[in-house]
Structures are given as structure tokens and as C-alpha cells.
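The values are calculated or read from the model by the stated rules, or taken from the named source; none is laboratory data. Given the structure is predicted, the values throughout are model-derived calculations rather than measurements. Note that each Cβ is placed from the backbone with ideal geometry, even for glycine, and that neighbours are counted across all protein chains shown. Heads up: the accessible areas ignore ligands, DNA and RNA and are worked out on the full protein's heavy atoms, side chains in. Shrake-Rupley method; radii C 1.70, N 1.55, O 1.52, S 1.80 Å.
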Amino acid sequence: MFDLRYHVASLAAVFFALVIGILVGVALASHGLGNAERKKLQADLSRAQSRINDLKSAAQADKAETQFASNAYDAVMANRLHGAHEAVLFVGPVDNTILTAVKNTLGDAGASMTRLRAITVPVNAHAIEGALAQHTALASFAIGPKRFLNVGRELATEFVTGTDTALWDALEGQLVEVRLGGGKRPVDGVVVVRTAPPQTRLASAQIVAGLLRALADGGVPAVGVEVRGTFPSAVQTYKHFGLSSVDDLDLRVGQVALAVLLSPDGVSGHYGLQDVDDAIVPKIPPVTQRTTSTGG
């Protein structure tokens with residue numbers, strides 16, 4: 001977790017010592033160095049040595065924390081999501097690096113990925129309206145100023161509850177880029193990954209807004225995730241719509257955070273390495289027995 005900080009601190013200490021050594025050597029080689037100058041130089045050298053010791057101590061502490069986090073990972077994750085069925089939604093194309101991190105997290109915590117959907121954005125508004133108009137039971141979703149917002153909300157509901165996925169089925173050709181797993185079983189939590197840029201077209205923006213807001217209010221944990229360096233970051237979007245978030249899923253500490261947020265313990269918030277986060281990792285409660293979803 002802190003490998004980079006350890007190396008930076010170590011290099012800083014070495015570089016600092018080198019600079020001080022050069023300065024001391026130059027000063028001692030100078031002629032006419034008076035007693036006052038020598039005392040000042042000695043004081044500067046003492047302060048520099050103290051700073052070097054502080055840097056070395058910080059580096060050693062970070063190395064110890066890294067080793068502890070690595071060794072404690074299995075114990076923290078074991079059975080945290082035992083038997084849980086989770087769904088993964090990509091808003092945009094599937095990112096295999098993030099998907100692998102999500103799968104590893106679920107597997108390490110004892111859960112499984114029941115289904116995955118990746119939706120294509122921006123959407124073709126006319127094609128969606130045409131597809132909906134062909135289904136009498138869904139025709140109401142094709143009318144009104146908030147029709148695409150309502151489409152997003154209904155898609156979120158079907159994604160969580162399963163059973164009747166009429167809207168997903170009707171719009172598969174217009175909306176779904178990747179489909180893995182069945183849609184009938186209800187899920188215990190949802191992981192959201194935004195890989196597409198923020199949407200500015202009305203239909204696309206409304207569908208995404210409806211999806212995220214309804215997932216946040218869907219009665220199961222919903223967590224938006226990304227890896228370090230993602231640009232533009234989606235954390236503020238997840239915050240806006242009420243989802244929890246993890247922005248360092250490529251690190252084990254991020255995977256722990258995701259498992260805790262998906263657990264039935266009611267933990268929520270925003271975790272990772274960004275300034276807007278609540279903390280690096282949430283408080284980790286003991287593992288508790290959970291009642292998982294049922295269904296076909």
C-alpha cells in the first residue's frame with residue numbers, strides 16, 4: 001500500500017544527506033572560516049541529520065504498514081461477503097483491468113459476480129424510443145419530458161431485483177454492449193464503473209442519472225469504483241447521486257474498502273487517495289453472518 005512512499009522517503013533521505021555533505025565539504029575547504037560560521041554550519045548540519053533521521057523513520061514505518069496490510073489482507077477479507085451475489089455495471093466499455101480487480105475482490109471475500117452489463121453511451125435516443133414503442137407494456141417509457149430518466153430508473157430496478165427484466169430485454173440491441181450472466185436472480189450489491197466520459201446529451205445524461213440515483217436508492221449497497229489516475233474521475237459523480245466510492249481499486253487497500261462497502265454492515269462513504277475522500281479505508285467491522293438473496 002505504501003511502497004511508493006517508502007521509496008520516495010528513502011531517496012529523499014539519501015539525496016538530502018548528499019547535498020548536506022557537499023555543502024559541508026565546500027565550507028570546510030574555504031579559507032578564513034570563522035568560529036561563528038563554524039558554529040552555524042554545525043547547527044545546520046545537526047538539523048539536517050535530524051531531518052534525515054525523521055525521513056528514515058517515516059520510510060521504515062511505511063514499510064511496516066505495507067507488510068502489515070499485505071499480511072492482514074486474507075484475514076480481513078475471508079468470508080466478508082460469503083455467498084453474496086453481486087452485479088457489475090459498466091457505463092461505457094468494459095475495462096478488463098478494473099473488471100479483474102472487481103472479480104478478485106469478490107472472490108477473496110467469498111462472493112460471486114452474478115451478472116455484468118456494459119451500456120453504450122451516448123445513446124441513440126430515436127432508436128430507444130422506437131424499440132419501446134414496439135412493446136405495449138413499455139410504451140409509456142417513450143413519452144414525456146422525463147422519459148429517459150424513467151428509463152434509467154427502471155433499468156436500475158430490474159438490474160437489482162431481477163425476475164422481470166422486460167426493459168433490459170427490449171433495449172438490448174440499442175443499449176447493451178456486453179452482457180454476462182443471467183438477469184433473473186436478485187443481487188446483494190452493485191458495483192458501478194464509469195469508463196465513458198461524462199454525458200452531455202439530454203437522453204444519455206438522463207438515462208445515466210436515472211440509473212445511478214435509483215441504484216443508490218435500490219435497497220442494496222451500490223459502490224462506484226475506479227483505479228488510481230483515472231481521468232476524468234467519477235468520484236464526484238458518484239457522490240452527487242448518493243453512491244459510495246473507491247478510487248484506488250488497483251491496490252489491496254481499495255479492494256478491502258470495496259468489500260466493506262458491499263457488506264451488510266451499513267458502511268458507506270468515499271475512500272481512496274483523493275483529497276475529496278473521507279479516508280483511505282473505512283473502519284472495518286468484524287465479519288458477520290449475512291442473509292443472501294435468493295432466486296433463480
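Quick notes
- ARG194, ARG47, reordered so the largest accessible area comes first (probe 1.4 Å): ARG47, ARG194
- Accessible-area value, SER244, 1.4 Å probe, nucleic acids and ligands omitted, Å²: 10 Å²
- Computed E for ASN124/ALA78 - FRET, C-beta separation, R0 45 angstrom, nearest 0.05: 0.50
- The spacing between the stretch 34-54 and the stretch 195-270, judged by their C-alpha centroids, is 51 Å.
- The H on the amide N of VAL178, modeled in the peptide plane, is under 5 Å from the matching H of ALA118, each at least 5 residues off or on a different chain.
- Using every pair of separate Cα atoms, the Kirkwood estimate puts the hydrodynamic radius of the stretch 171-276 at 14.7 angstrom.
- THR114 contributes an accessible area of around 30 Å² to the protein surface, as traced by a 1.4 Å probe with all chains present.
- Over 16 Å [Cα-Cα, the stretch 169-208], rounded percent: 55 percent
- Calculated on the alpha-carbon coordinates, the convex hull of the stretch 184-231 measures out at 95 cubic angstrom per residue.
- With the simple model of a label 7 Å out from the Cα in the direction of the Cβ, ASP278 to ALA36 spans 5.8 nm.
- Extension reserve of the THR195-PHE231 stretch, reckoned as 0.36 nm per residue once the Cα distance is removed: 12.0 nm
- Note on the stretch 146-169 and the stretch 84-123: Cα centroid distance 18 Å, given to the nearest whole angstrom.
- Stokes-Einstein diffusion coefficient of the stretch 59-188, Kirkwood radius over Cα pairs, 4 °C, 1.567 mPa s, in µm²/s: 76 µm²/s
- Of the residues LEU258, HIS270, VAL235, the one whose Cα sits farthest toward the positive end of the charge dipole of the stretch 205-296, with +1 on the Cβ of Lys and Arg and -1 on the Cβ of Asp and Glu, is LEU258.
- Here the stretch 96-165 is treated with +1 on each Lys and Arg Cβ and -1 on each Asp and Glu Cβ, and its dipole about the Cα centre works out to around 120 debye.
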